[in-house]
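Data first, discussion second: the structure below is written as structure tokens.
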Amino acid sequence: MIKLVKKHDRIEGTIRPPGDKSISHRAALLNAVANGNARVSNFCVGDDRESMLRCLQGLGVQITPDPQCDVSGQPDCFLIQGRGLQGLLEPTNTLDAGNSGTTMRLVTGLLAGQSFISVITGDDSLRRRPMGRVVGPLKEMGAQFMGREGDSLAPLAVRGGNLKAIDYTLPVPSAQVKSAVLIAGLYADGKTVVRSPSLSRDHTERMLKYLGGDIQVDGLVATVGRSEFNARDILVPGDVSSAAFWMVAGSAHPNAKIRLEGVGINPTRTGVISVLESMGANLSLENIREGEAEPIADIVVESSNLQGVDIAGEIIPKVIDELPVLALAASLASGSTVIRDAAELRVKESDRISATVQGLSRLGVDIEEHEEGMVIRGAQKLVGAPVNSQGDHRIAMTMAIAGLIADGETAIHDAEAAAVSYPTFWDTLASIGV
Ligand code: S3P
């Protein structure tokens, strides 16, 4: 699918971004092994949601849409019938995680705790992404794996069960790896300790605490024990990573005002807000409130005079999914922006360093590729051109936001990739006047 986006003189509107993908995945997976039933409303939308629900259903979990509690007018409320920690069933077929790295890594942690055999795989992109980072610690706990290239690539065959607790220091600040080990820790004999090199999203820890699991967090150290817990209803906050596209649109466009409602503002996720603020963005948080397990706010963003900044070090895990769209903001800011310490971008749904550099340079941006980041010389005039999403949802949406600021017309090829996390993105783009 090709989407044409034209420059627009004024953008304005109120947007309610879809439910947070990372939180929805934790809510589904942990309620699936809790005791009792839970309604998860404002559940994320898109292909990644189907991937997680399909895998859990493959393990015998009943998950049904519940139109009574839909928030957005689309099917986004699900009743999850928890099977308890020991109630999952041996899957009769391969589990398919589609394009979703979070599904594959979190479900693999869950499979490590099961004494049955299972096989998990994904699409072309996911079968190229590194799984050794979860397989390594899960093997240390006692699970058995078989996979390509030394058990580091899917499809992965798993026979778990009889796990023993480990004390594990993460080699990369990855929330997916941390979560996989914590989830396996729910099945292990003893206390499993996970130490992170820097703070990454802590939704698993928060969700486990909310459901009454045995979890303690002390700074960068999370400790989990084996314990049953109860299913609980939850309203998922809006996804700050989806909101990020509109934050950049609102601040980088010369004539814009956008209000974003009900957005999750967990401090391990709001790196994009901090970076935009340090760039001088005219952005404010209103109506800050505590949700069930996560803080929420409305965000108002208006046209701003952005300046280049350095983005590096400990903030990187808090902004990892927003770096492509921040590179776009940087190209419209005065001065240069340097993004460092972001090698993880190379192993996302696409190689996001090279995809961002290729896409933005097609629009005339002076952007340089580095092994672990990029350098963007800002204050540039973007000119519309044909670009390709490389099958990556965040690249498709970054290019669409670029298109509404670039002169002329930007043709986004493989635009359907946006549906992985934000199927209503194109309708929302139309609703703000584009
Ligand atoms: C996620 C963690 C991040 C992020 C991904 C979602 C999660 O990946 O890029 O989109 O839900 O835990 P890593 O943990 O691999 O950095």
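The values are calculated or read from the model by the stated rules, or taken from the named source; none is laboratory data. Quick caveat: nothing in here was measured; it's all calculated off a predicted structure. Heads up, the Cβs are rebuilt from the backbone with ideal geometry, glycines too, and the neighbour counts pull from every protein chain shown. To get the accessible areas, we keep the full protein, side chains included, count just its heavy atoms, and leave off ligands, DNA and RNA. Shrake-Rupley method; radii C 1.70, N 1.55, O 1.52, S 1.80 Å.
Here are a few things to note about the model shown:
- Considering the range 12-55, and only residues there that are within 15 Å of the ligand (Cβ to nearest atom) and of a type in the set (Lys, Arg), the residue that is nearest to the chain's Cα centre (by Cα) turns out to be Lys21.
- Among the residues of the range 82-93, those identified as over 18 Å from Ala180 (Cα atoms) and open to solvent by 30 Å² or more (accessible area, probe 1.4 Å) are Arg83, Leu89, Glu90, Thr92, Asn93.
- Filtering the range 232-249 for residues that are in contact with a Lys or Arg (Cβ under 9 Å, 6 or more places away or on another chain), hydroxyl-bearing (Ser, Thr, Tyr), part of a helix (DSSP H, G or I) and more than 16 Å from the ligand (Cβ to nearest atom) leaves an empty set.
- Qualifying residues in the range 321-342 (those that are closer than 26 Å to Met131 by Cβ and assigned to a helix (DSSP H, G or I)) - the one farthest from the ligand (Cβ to nearest atom): Pro324
- Matching residues, the range 100-149, being within 16 Å of the ligand (Cβ to nearest atom) and over 23 Å from Glu344 (Cα atoms): Leu110
- Taking the range 1-32 as the range and being assigned to a loop (DSSP other than H, G, I, E, B) and among the charged types (D, E, K, R) as the test, the residues that pass are Lys7, Asp9, Arg10, Arg16, Asp20.
- Selection count where residues are outside any helix (DSSP H, G or I) and within 14 Å of the ligand (Cβ to nearest atom), scope the range 343-365: 4
- For Ser227, the criteria (1) buried (at least 24 other Cβ atoms within 10 Å of the Cβ); (2) assigned to a loop (DSSP other than H, G, I, E, B) hold in every case but one, which is (1).
- Neighbours by Cβ (under 6 Å, 6+ apart or cross-chain): first from the range 288-299, in contact (Cβ under 8 Å) with a residue 40 or more places away in the chain; second open to solvent by 20 Å² or more (accessible area, probe 1.4 Å) and of a type in the set (Ser, Thr, Tyr): Ala293/Tyr210
- Residue check, Glu286 at pLDDT below 95, away from the ligand (no atom under 16 Å from the Cβ) and surrounded by fewer than 22 Cβ atoms within 10 Å (Cβ to Cβ): no
- Single match in Val375, Val387 (criterion: in a strand (DSSP E or B), surrounded by 24 or more Cβ atoms within 10 Å (Cβ to Cβ), without any contact (Cβ under 8 Å) to a residue 40 or more places away in the chain and assigned by TED's automatic domain parsing to the domain that holds Ala249): Val387
- Residues (in contact (Cβ under 8 Å) with a residue 60 or more places away in the chain, among the basic types (Lys, Arg) and buried (at least 24 other Cβ atoms within 10 Å of the Cβ)) located in the range 177-221: Arg201
- The lone exception for Asp392 - which of (1) without any contact (Cβ under 8 Å) to a residue 40 or more places away in the chain; (2) within 14 Å of the ligand (Cβ to nearest atom); (3) not β-branched (Val, Ile, Thr) it fails: (1)
- So Leu260, is it surrounded by fewer than 24 Cβ atoms within 10 Å (Cβ to Cβ), over 30 Å from Met141 (Cβ atoms) and aliphatic (A, V, I, L, M): no
- Tally of residues being of a type in the set (A, V, I, L, M, F, W, C), under 22 Å from Gly87 (Cβ atoms) and either under 16 Å from the mean Cα position of the chain (by Cα) or open to solvent by 20 Å² or more (accessible area, probe 1.4 Å) (or both) across the range 105-126: 5
- Strands (runs of 3 or more DSSP E) lying entirely in the range 33-137 (those with 1 or more residues that are among the charged types (D, E, K, R) and out of contact with any Pro (no Cβ under 7 Å at 6 or more places or on another chain)): 35-41, 77-83
One line per residue, one yes/no per condition, for (1) open to solvent by 20 Å² or more (accessible area, probe 1.4 Å); (2) at positive phi; (3) touching a strand residue (DSSP E or B) at 6+ places or on another chain (Cβ under 7 Å):
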site: Ser24; (1), (2), (3): no, no, yes
site: Asp48; (1), (2), (3): no, no, no
site: Leu53; (1), (2), (3): no, no, yes
site: Val61; (1), (2), (3): no, no, yes
site: Leu79; (1), (2), (3): yes, no, yes
site: Leu95; (1), (2), (3): no, no, yes
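- Some residue of the range 166-176 being at pLDDT 95 or above, away from the ligand (no atom under 16 Å from the Cβ), open to solvent by 10 Å² or more (accessible area, probe 1.4 Å) and touching a helix residue (DSSP H, G or I) at 6+ places or on another chain (Cβ under 8 Å): yes
- Val158 vs. criteria assigned to a strand (DSSP E or B), open to solvent by less than 20 Å² (accessible area, probe 1.4 Å) and more than 16 Å from the ligand (Cβ to nearest atom): yes
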